[in-house]
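Worksheet: the structure to be examined is printed underneath.
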Amino acid sequence: MSASPRVDALVIGAGPAALAIASALGERGLRVEALAAQEPDAPWTNTYGIWGEEVDRLGLGPLLGHRWSHTVSYFGSGQPGGNQATAHGRDYGLFNSNALQQHWLGQTSRWGLGWQRGVAAAIGHGPGFSSVTTAAGQEHRARLVIDASGHEPIFVQRPSPGKGAAGVAGQAAYGIVAGFSAPPVESGQFVLMDYRCDHLTAEERNEPPSFLYAMDLGGGQFFVEETSLALAPALPFGLLKRRLHRRLAQRGVAVGEIQHEEFCLFPMNPPLPDRHQRVLGFGGAASMVHPASGYMVGALLRRAPGLAAAIAQGLDAGAASSSAASAAGWEALWPLELRRKHALYRFGLEKLMRFPEDQLRQFFASFFELPGEQWYGFLANTLPLPQLVGAMLGLFARAPQGVRWGLMEPRGRELALLGQLIRG
Ligand SMILES: Cc1cc2nc3c(=O)[nH]c(=O)nc-3n(C[C@H](O)[C@H](O)[C@H](O)COP(=O)(O)OP(=O)(O)OC[C@H]3O[C@@H](n4cnc5c(N)ncnc54)[C@H](O)[C@@H]3O)c2cc1C
């Protein structure tokens, strides 16, 4: 076996994370190959949303297929007097998935990235390389392997949650793109969270809550999605689908022809990966989903160049040992500040998962009363730790008494998460 691989980095996957990091590594002048289970230009089925400001700061506004300025949420009960909209005053957009994919594919082809087809099945490590074997028995070697195979990674290892610990919470949603007998949301409107629950019986309101995420796509088409922010185990699709239809019926809206159905399920709060492993992760594989909102694409776009720079430096520094590059990569991906913020977000999510429906509505109403740059920075994960803590204290100060008590009462693994916040 020759010990000197042809390529610097082998990226596993062809989703947003794989394309983002492969393209950033190519830009750094590294020799990159990608190994994917499907064709790299196979259409993505997920719909990816993002705040307008995030894409604008990256200069990628033209990649949006839709953009709304009329952005609202509803945190009232839906009973008379509880139908007031909370205006967000910030643009929200939906990527044109094909344009986003082609943006990255164009860059990777410019840097000469080589695509390999195959299902990665096993990994081994030598002194200056790692070697991936596919299910078909083909071997691919590189100085560094980056696992971007999604939320259930093929190679990246995470610590187990421990015996008796609550499982990983899943964000679950059932959505449709369709025509309707009457507009399910106002014309030109984007609804981030509609927590009104007047379509449910008093008994049903004691069950874990869900909200409507909805938007006017133009041309008589709307996307409406019943979403459970996070729960362990996740809310079943059947229940979300029934709730969506009940919610629409309550407003006198009948579903017409369905163009697309979305079944969304991904883990919100997996533990952070072990940072001492030889394989590096990116995207869902590296637990990069924002544990309090479920967003990730903005973080991929923002963070891929910095990670690529750290990898290039690590490969330069450790010419004989590829572990220098993975160590540099993990440190760049999860430095102490981000680990602390992650623990804080997970702590917040634990609280939210315990809140009954009325407290949850009050919590979010208080959250969106925070100054815009604070709630936006919280959701986009762009606030430095001290400002993030400041935003959380501000929220605590303005929340009603019942919510404050819920935030203070330590339960389950919350104390352990506070410990992580301090230790990092
Ligand atoms: C329905 C849905 C909607 C979402 N909406 C949003 C949103 O609006 N905004 C947002 O920011 N985030 C959203 N997310 C969260 C997150 O951004 C997505 O899950 C995103 O697709 C994760 O990107 P990824 O590249 O890490 O993983 P994936 O997109 O899952 O891609 C993994 C890739 O790895 C390949 N692969 C897997 N195993 C192997 C193997 N063994 N060998 C070779 N290749 C392999 C797969 O074929 C795929 O190409 C959503 C998630 C879902 C499920």
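The values are calculated or read from the model by the stated rules, or taken from the named source; none is laboratory data. All of these numbers come straight from a predicted model, not from anything done at the bench. Note that we place each Cβ from the backbone using ideal geometry, even for glycine, and neighbour counts take in every protein chain shown.
Annotations
- Restricting attention to the range 256-292, the residues that are among the hydrophobic types (A, V, I, L, M, F, W, C), more than 9 Å from the ligand (Cβ to nearest atom) and over 13 Å from residue 329 (Cα atoms) total 4.
- Flag if residue 124 is at pLDDT 95 or above and more than 15 Å from the ligand (Cβ to nearest atom): yes
- In this structure, residue 247 does satisfy being buried (at least 20 other Cβ atoms within 10 Å of the Cβ), free of Cβ contacts under 8 Å to residues at least 60 places away in the same chain and under 30 Å from residue 180 (Cα atoms).
- Selection status of residue 152, surrounded by fewer than 17 Cβ atoms within 10 Å (Cβ to Cβ) and within 11 Å of the ligand (Cβ to nearest atom): yes
- Filtered residues of the range 169-214 (kept if of a type in the set (D, E, K, R) and surrounded by fewer than 19 Cβ atoms within 10 Å (Cβ to Cβ)): 186, 198, 203, 204, 205, 207
- Some residue of the range 127-135 being farther than 23 Å from residue 310 by Cα, part of a loop (DSSP other than H, G, I, E, B), at pLDDT below 95 and touching a Pro at 6+ places or on another chain (Cβ under 6 Å): no
- Conditions (1) over 19 Å from the mean Cα position of the chain (by Cα); (2) modelled with pLDDT of 95 or more: number failed by residue 358: (2)
- Unmet requirement for residue 274, which otherwise passes all of (1) over 20 Å from residue 355 (Cβ atoms); (2) in contact with an Asp or Glu (Cβ under 6 Å, 6 or more places away or on another chain): (2)
- Remark: pairs (first residue in the range 135-159, in contact (Cβ under 8 Å) with a residue 12 or more places away in the chain and among the basic types (Lys, Arg); second residue in a loop (DSSP other than H, G, I, E, B) and within 14 Å of the ligand (Cβ to nearest atom); Cβ separation under 9 Å; 6+ apart in sequence or on different chains) = 158/270; 158/273; 158/287.
- From the list 112, 150, 137, 170, the lone residue that is on the phi > 0 side of the Ramachandran plot and in contact with a Phe, Trp or Tyr (Cβ under 9 Å, 6 or more places away or on another chain) is 150.
- Within the range 250-259, considering residues that are part of a loop (DSSP other than H, G, I, E, B) and touching a helix residue (DSSP H, G or I) at 6+ places or on another chain (Cβ under 9 Å), the one surrounded by the most Cβ atoms within 10 Å (Cβ to Cβ): 253
- Residue check for residue 308: buried (at least 20 other Cβ atoms within 10 Å of the Cβ), more than 13 Å from the ligand (Cβ to nearest atom) and closer than 26 Å to residue 127 by Cβ: yes
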